[in-house]
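Notes for the one structure printed next.
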Amino acid sequence: MRSSFDLHAHSTASDGTLTPRELICRAQAGGVEVMALTDHDTLEGVAEAADAAREVGIGFVPGVEISVTWQSLTIHIVGLNVAADDTRLNTGLAGLREFRDWRAEEIGRRLAAKGIDGAFEGARALSNGRLISRTHFARFLVDNGHASDVRAVFKKYLVNGKPGYVPGEWAELEDAVRWIRLSGGQAVIAHPARYPLTRTKLRRLIGEFVEVGGAALEVVSGSHSKDDYFTMAHHARDFGLLASAGSDYHGPEQPWIELGRLPELPQGCKPIWKDWPISH
Ligand code: AMP
Ligand code: MN
Ligand code: MN
Ligand code: MN
């Protein structure tokens, strides 16, 4: 029950708690043979991770997880094997980080209106100072006793309809896929079973994704159930998409997700790495 490919993980460049180097070392120790770094809306950690992977002797895939707004919902599109120095991709991501910066201040203002002071400064202090995620707000709120753990705090403050939720104005699906492809990468719908979408709407999303040049569904994800693997494998086959696998690791604070512990893709899936030179 091990897959040697882990194509979705976060570092301190976004909302993970391990540095890119620490992440790669942990992946190597966990038996991962090919690891991708896919931070939210940034490629900042890619160079360090690539160096570390070369040093410890595992394969490395430069990646990113792009925030997209699709029909008022936030959807995540992973780009794999992107060129980290690509101008159009970096310009697109810089625009998203600008929205993120404004949103972080807005979350702070909204929480302040509910009597929670200093959340923006607190979240920023837990981040690298260049990319602030809701995860950083969650950690600040837990540290300050507003909920018992990160999951509870999201439910109470940070999801749609709660005081610290600011509706996203992220990338268009088509733009995210285009940036990824222009930089030589392949686009993957991240954790497709996690969105609050009916089967019909999810298939509409997948259909649009195929039309704009998407390559794969993340069939195996750390946030999917066994049933989800098979449902998503079925959708991938129906739409002629490749299948990807990634833990969505954010750090050792979430011990239920670990690098190098993913099951194999279900039978009949075409792995996204089937034509990668790195896998030979
Ligand atoms: P952001 O892109 O800043 O809106 O933050 C999204 C990140 O927050 C996701 O990538 C997860 O790491 C985390 N997240 C979102 N929803 C939850 C949740 N319900 N419980 C725990 N973490 C969550
Ligand atoms: Mn995250
Ligand atoms: Mn995601
Ligand atoms: Mn992720």
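The values are calculated or read from the model by the stated rules, or taken from the named source; none is laboratory data. Keep in mind the model is a prediction, meaning the values are calculated, not measured. Every residue, glycine among them, receives a Cβ derived from its backbone with ideal geometry; neighbour counts consider all protein chains shown. Accessible surface is based on the protein model in full, side chains and every heavy atom, while ligands, DNA and RNA are left aside. Shrake-Rupley method; radii C 1.70, N 1.55, O 1.52, S 1.80 Å.
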Identify all residues within region 55-83 that are closer than 23 Å to LYS274 by Cβ and away from ligand 2 (no atom under 16 Å from the Cβ); write none if there are none.
GLY57, ILE58, GLY59, PHE60, VAL61, PRO62, LEU80, ASN81, VAL82, ALA83
Restricting region 14-54 to residues that are among the β-branched types (Val, Ile, Thr) and within 17 Å of SER221 (Cα to Cα), which is nearest to ligand 2 (Cβ to nearest atom)?
THR38
In region 74-108, how many are farther than 18 Å from VAL188 by Cα and of a type in the set (A, V, I, L, M)?
4
Criterion violated by GLU65 - all others in (1) more than 18 Å from the chain's Cα centre (by Cα); (2) part of a strand (DSSP E or B) satisfied:
(1)
Might you check whether a residue that is farther than 30 Å from GLN267 by Cβ and open to solvent by 10 Å² or more (accessible area, probe 1.4 Å) occurs anywhere in region 26-39?
no
Filter region 72-96 for residues that are hydrophobic (A, V, I, L, M, F, W, C) and touching a residue at least 12 places away in the same chain (Cβ under 8 Å) and give the result.
LEU73, ILE75, ILE77, VAL78, LEU80, VAL82, ALA83, ALA84, LEU89, LEU93, LEU96
Counting only residues in region 84-118 that are closer than 23 Å to ASP248 by Cβ and in contact with a strand residue (DSSP E or B) (Cβ under 9 Å, 6 or more places away or on another chain), the one nearest to ligand 1 (Cβ to nearest atom) is identified as ARG100
Out of all the residues in region 240-280, which are surrounded by fewer than 20 Cβ atoms within 10 Å (Cβ to Cβ) and in a helix (DSSP H, G or I)?
LYS274, ASP275, PRO277, ILE278, SER279
In region 1-13, the residues that are surrounded by fewer than 22 Cβ atoms within 10 Å (Cβ to Cβ) and either within 11 Å of ligand 2 (Cβ to nearest atom) or modelled with pLDDT under 95 (or both):
MET1, ARG2, SER3, SER4
Scope region 97-131; condition more than 14 Å from PRO163 (Cα to Cα) and open to solvent by less than 10 Å² (accessible area, probe 1.4 Å); matching residues
ALA123, LEU131
What about VAL46, is it touching a residue at least 60 places away in the same chain (Cβ under 8 Å) and surrounded by 24 or more Cβ atoms within 10 Å (Cβ to Cβ)?
no
Just one of (1) within 16 Å of ligand 2 (Cβ to nearest atom); (2) surrounded by 15 or more Cβ atoms within 10 Å (Cβ to Cβ); (3) not small (Gly, Ala, Ser) trips up LEU173, so point out which.
(1)
Which of the residues belonging to region 132-148 are of a type outside the set (S, T, N, Q) and surrounded by 12 or more Cβ atoms within 10 Å (Cβ to Cβ)?
ILE132, ARG134, HIS136, PHE137, ALA138, ARG139, PHE140, LEU141, VAL142, HIS146, ALA147
Among the residues listed as GLY63, GLY16, the single one being within 16 Å of ligand 1 (Cβ to nearest atom), open to solvent by less than 10 Å² (accessible area, probe 1.4 Å), within 17 Å of ALA94 (Cα to Cα) and in contact with a His (Cβ under 9 Å, 6 or more places away or on another chain):
GLY63
Does at least one position in region 124-131 carry a residue that is at pLDDT 95 or above, within 16 Å of ligand 4 (Cβ to nearest atom) and closer than 19 Å to LEU18 by Cβ?
yes
Could you count how many residues in region 185-207 are surrounded by 15 or more Cβ atoms within 10 Å (Cβ to Cβ) and in a helix (DSSP H, G or I)?
6
Let me spell it out: the conditions are (1) open to solvent by less than 30 Å² (accessible area, probe 1.4 Å); (2) away from ligand 1 (no atom under 16 Å from the Cβ), and GLU55 meets all of them except one. Which number is the exception?
(1)
Tell me yes or no: at least one residue of region 158-166 is open to solvent by 80 Å² or more (accessible area, probe 1.4 Å) and either more than 15 Å from ligand 1 (Cβ to nearest atom) or not in a helix (DSSP H, G or I) (or both).
yes
